[in-house]
Every structure is written in C-alpha cells, then in structure tokens.
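Here's the structure we're looking at; comments come further down.
The values are calculated or read from the model by the stated rules, or taken from the named source; none is laboratory data. The structure displayed is predicted, hence computed values, not measured ones. All Cβ positions, glycine included, derive from the backbone under ideal geometry; neighbour counts span all protein chains shown.
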Amino acid sequence: MQKLVTEAVKLMGELSFVPQQQILQGEQERLAREKYKVAVIGQFKVGKSTLINKVFLRDNVLFTDLTEATAVPTEIEFGRPARLEVFPSTYAGLPSAQKTDSSAPLPAGEGSPHVIEEPNPEQIKAHTSADGDEARAQMARQTSRVRLLWPADSLKGLTVVDTPGINTPNEAVASTTYRVIPDADVAVFLTRAQQLSQTDIAFLRSRVFEQGISRCLAVVNYDRNYQDLSEAALKNLVAAIEAQLANIGREHVPVVRLNMRTKPGLRNLGESIVSALTGKAARGEKDSLAAFEQTLLEFIRTNALPGRMARAQALLRRELEKAKLECQVELNSLRKTEAEKAEIKQKIEREYEAYHARYLKLGEKFLEDLHLIQRLHLKGIQDGLNEVTDRYVTKFDSCAGLTDVQKLLQRAQVEFQPDVEAIMFAVSAETRTKIEALEARYQATLQEAAEPWVRTVVDELKIDGGFLAKVPPWIVWVGDIILTCWLLPGGPIIDTIIRLVASKIPIIKDFLPTTLVTKALISKAKKSIQDQVGAIQSCIRQQLDNSFTEAEEKIQASWEANGQEQLKTIIAPLERAMGQARNPKRAQTLESGVQRIDDLLARTV
C-alpha cells in the first residue's frame, strides 16, 4: 500500500493535480507512522478519560469531572520521563512557544509547543480543560493539540487520543474532535447503558465511518451503583445497539460491555497481553475492567493494521477515480476549439441547473413521504403505550389491599420497562421496512432524474458517467431519523412510580385507615403511570419534530456539497483546457496518466 500511494503521489505531481497530490501525501505520511492511533470517542461524561486512566495510564492522570471536562484532544504516548507538549494554533494569531527537540516539521497552522517536563495532574488539567463554555471555546481556538508522554508500558506502540464529548454544544470544541478522528486507525466508541441516540448514530456515520475509519469497538459502559440492570436486560441492550449499527451498514462493529466500577484485580499488563495473544479467557466477570482490557488489546492487535490499510485503500481509489475523470475531461476538451469548449461548458452548466431543480422537488416529495411514515411511527408508539398503560391501570383497580398494591408495584418494576421496550422494537421494525422500501424507490427516481445531466456530460466529453450517477448520500442516512428517537427519557419510568408511591407507604399508613391508604396509593400509582407515559409520548413527538427540522436542513446542505463536487470535477478540467492551444505533449501526458491510473486501480483491489 505504501508503494501504491507513493506511485500515486508522483503521478499526481506529473499531471499537476495538486489537490489530489496533497491528499495522498497526507495518507503517505500516515502509512509511514510506527505507532497505531486509537481514538476514544463518545458523548461527554460517558467515561472516556476514566477509561484511559484505568486501562492505559494506570493512574488518575487525566482530569475527570461531573460536568463536561475535556476541551481539546489529547494525544497520549509512551515516554520517559513524562512530558506535556501544548501546540498553539497559529490561526489564532498566537506566537510560537519554545522549540521542541523534535526535528519533524510542524503541520500548517500549528506553532512550536510549550513544553512542561514531568507534569502533574493539575498542570495537565490546566492545559486540556477549562470551566465554562467560553473558556473551553477559547482554549479550543488557541490550542491546535496537546501531546502527553507518559511512562506506562501499555502505551508502547500506540497513540491514544482522548477527545471532547461529541454532543458538546460548543462548536469550537467540537471542531477539534472532528479534526483528529479521521487520522485514527481504530476508534473506541463509549456509550452509556442505553440505545444509541440520534447524535451517536449521526456522529458515527458522518464523522467516523464516512471519514474512512472502518474499525470501531462499541463499548457499553454501565455502573451497577446507578443502573441495576439484569443480565437479560444487558443482553437485550447489546442486541439493540448491534441492530442499530446494522441499520447503518455496520453489522461487523463489535459491541461489548464494561463495568468500570469493578476492581481490576491483581492481573498486570503482562498477563493481559498474554491473555490477548493466547485467547485465554479472563478471570472474573466478563464485563469487568480486567476482561475489557483483554478484549481491547485483542481488538487493537487484530484491527489497527487492517483499519489503516482499509482507509488508505478507500482514499487512494477515491482520489484516483477523480483524477482519471479529470484526465478524461481535460484530454477530450483539448481536442476541441475554444468555441466548442465554451459551448460545452454552457450546455453542461445549463443541464446541471435543470437537474438541480428536479432534485430539489424530489427532495421535497421525499420529505413528505417520510413525514407520513413519521406520523404512522408515532401513532404506533402512542397506541402501544396507551395499551400498556390501560393494562396496568386495570390491574391496580383490582387490588384488594396494601399487600396487593405492593406486589403489583414489585411486578411492574420488572415487567413494565420490557413491555415498553417491546413496543418500541415492534413499531421500529415495521417502520424500518417502510423506510427501506421508500429509500429503494427514491434511489431509482433520483438516478432517473440525473440521467439527462449525466448523458449530456458523457455525450459532449466522451467520458464514463458512472461517477456522476452516484446518488447523494443524504438518502442513505435520513431514514434513520425516525429510528433513533425511541429512547426512554431518564431511564426506566417505573422508577419514578416507585419513588413517588411505594416510598410513601409507611408514612401514610401511620395516619390513615388501610382502606384509605390503598385507595390513595392506587390513585397516585395510576396517575403516576399516566403522567410518565404522557411525558414519554411528548418527548418522542418533540424529538421527531426536531429531527425532521434538522433533516430538511441537512438534505439541502448534503445536496449542495455533493452536487458542487460533481460539477467541479467536470468544470475545473474543462476550464483548465480553455485558453490552451492544442498541446500534443500535454495530451500525451494525460493519455499516459489514464493508463497508469487504471493500473493503480487494478492493483488496489
């Protein structure tokens, strides 16, 4: 792969295709890295910094807090003695700090680092975290990146990246995360013990998988001190997350459980590596920190290199295909007169505008059809929740005394949540089938709408139009808008009922006759269930409304980006050929370039 990318870089230089050459040079540098980069990602407060502290650093080095902590990505590598390097962003107009002893050139927009030898946790916190949104934003704008060298053997051969939360509302902080993730070889995605949210799925799709990161480990981090989940509930949760990932074409992403509160035991890192290499099962519970450490080491060992190669292969093919198309456009344009070139350019742009208008109308119709599915989806959930509510309310009416009420509450604590989840799964499965049919129909419709524009380009420039027939990416992900809105707000709703009702039994019992206590509890339990179910229905309705508002904006933005990329790929080489006299030498270079690109593409398979 290194040889192929090196050849491609040289070829792009000979063809004077500067953008492709620069992109491939960046990939060339990544392939030459000796260390594998592991990005630890997820929403804020899911335990990213804590995981790195426990698994890699073996000490409370990185700052953790009850609120959003990490403000800038921190690259952590093995080094002795410990050292902190804070690289300022020259885009912020800041002066460079003292020189580092490294002779490697600094990336554009990055100044020489401020170095702190043998930093303590407070110094690390001061340069990676800040109190308040504005302080975090300022730190993110002023800091390009932070690099921490630490004498922990588990870091050897790796660069572990601690990132800010993906759901931070702070754009400056979020942009730093978006910048570092595409450079990773593998990703470790942490989530709480709940199904993936819309934010999670959208982030994984657009900021991880679509950026070339194909190897990802999903980790469900839960704490029995706060979530008393049964083994069956945890298995169901993992299965649900696996299904969500499969819905976006990532069924190969493993989902594992982690209880970081579990003591890691006496096993040291050497034993962990031996276990990972031999496949020997870890001692203790399978979701303990020690067992997770073995799983993580095995995942990195088997996926880091394939992940790096998969990204390089995908990027190389993409840039080569774009370069080939540009060669063909420019080559065929050089054979035409200036008047013919100008006429072709106008014709292509005119047909593109017509296609643009057709596309926007299709987008509006697609949203109308999706809105209908949304309404049916919401109705199915509401009807199901109402049915469950009526069933439990009826059971309360049949209670003869306090003992019956208490027993029913105990059963509800076990049964109510699974009943609600079953409704969510059933309705969502039906909705998924409808969305898949809708997507297939519009895939064909969009390609049909694009046909005149593609045909014009192909006929006028005598090139392959496969690239132009590519369907914009929005139609692939927009169907997930509905299916990522089934989360129960605040955890099991029956907890609220227990807190509001069952905990008051002893107090009420001291002052009222048993019959009045029973009636009061039944009335309060029924109202609590109805109120909680109503809150869920309102929350889901609001989530769906917000999601569709966002979808409408993203459809437009996605189209513009996709359409402009296609148009630019055609117009740029056409404009480059305009004003040039017939140039046999340039034509020969382009013809040779097409042949060499085809050879490289064949070798990347």
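Quick notes on this structure:
- Residue count for the stretch 286-313, restricted to those that are hydroxyl-bearing (Ser, Thr, Tyr) and free of Cβ contacts under 8 Å to residues at least 24 places away in the same chain: 1.
- ILE463 meets the conditions (1) over 20 Å from GLY249 (Cβ atoms); (2) among the β-branched types (Val, Ile, Thr); (3) touching a residue at least 40 places away in the same chain (Cβ under 8 Å); (4) part of a helix (DSSP H, G or I) in every case but one. The failed one is (4).
- Sole exception among (1) assigned to a helix (DSSP H, G or I); (2) among the β-branched types (Val, Ile, Thr); (3) under 23 Å from the mean Cα position of the chain (by Cα) for THR6, by number: (3)
- Scanning the stretch 97-129 for residues that are modelled with pLDDT of 85 or more, closer than 20 Å to PHE78 by Cα and among the aliphatic types (A, V, I, L, M) returns VAL115, ILE116, ILE124.
- Residue, modelled with the highest pLDDT, within the stretch 576-605, restricted to residues that are more than 16 Å from ARG335 (Cα to Cα) and assigned to a loop (DSSP other than H, G, I, E, B): THR604
- Close pairs from the stretch 314-336: first β-branched (Val, Ile, Thr), partner assigned to a helix (DSSP H, G or I), Cβ under 8 Å, at least 6 apart: VAL329/LEU461; VAL329/THR569; VAL329/ILE570; VAL329/PRO573; VAL329/LEU574; VAL329/ALA577
- Filtered residues of the stretch 196-250 (kept if buried (at least 20 other Cβ atoms within 10 Å of the Cβ), within 14 Å of the chain's Cα centre (by Cα) and in a loop (DSSP other than H, G, I, E, B)): LEU196, GLY212, ILE213, SER214, ARG215, ILE248
- Flag for ARG141 being in contact with a Ser or Thr (Cβ under 8 Å, 6 or more places away or on another chain), more than 17 Å from ASN53 (Cβ to Cβ) and of a type in the set (Lys, Arg): yes
- Looking across the stretch 31-49, just one residue is closer than 30 Å to ALA71 by Cβ, surrounded by 15 or more Cβ atoms within 10 Å (Cβ to Cβ) and more than 22 Å from the chain's Cα centre (by Cα), and that is LYS35.
- Leading residue by the ranking (nearest to the chain's Cα centre (by Cα)) among those in the stretch 386-403 that are polar (S, T, N, Q) and surrounded by fewer than 16 Cβ atoms within 10 Å (Cβ to Cβ): ASN386
- All positions within the stretch 9-30 that are touching a residue at least 40 places away in the same chain (Cβ under 8 Å) and surrounded by fewer than 17 Cβ atoms within 10 Å (Cβ to Cβ): GLU14
- Verdict on ILE381 being touching a Gly at 6+ places or on another chain (Cβ under 6 Å) and at pLDDT 75 or above: no
- Test: GLY270 is at pLDDT 85 or above and surrounded by fewer than 16 Cβ atoms within 10 Å (Cβ to Cβ): no
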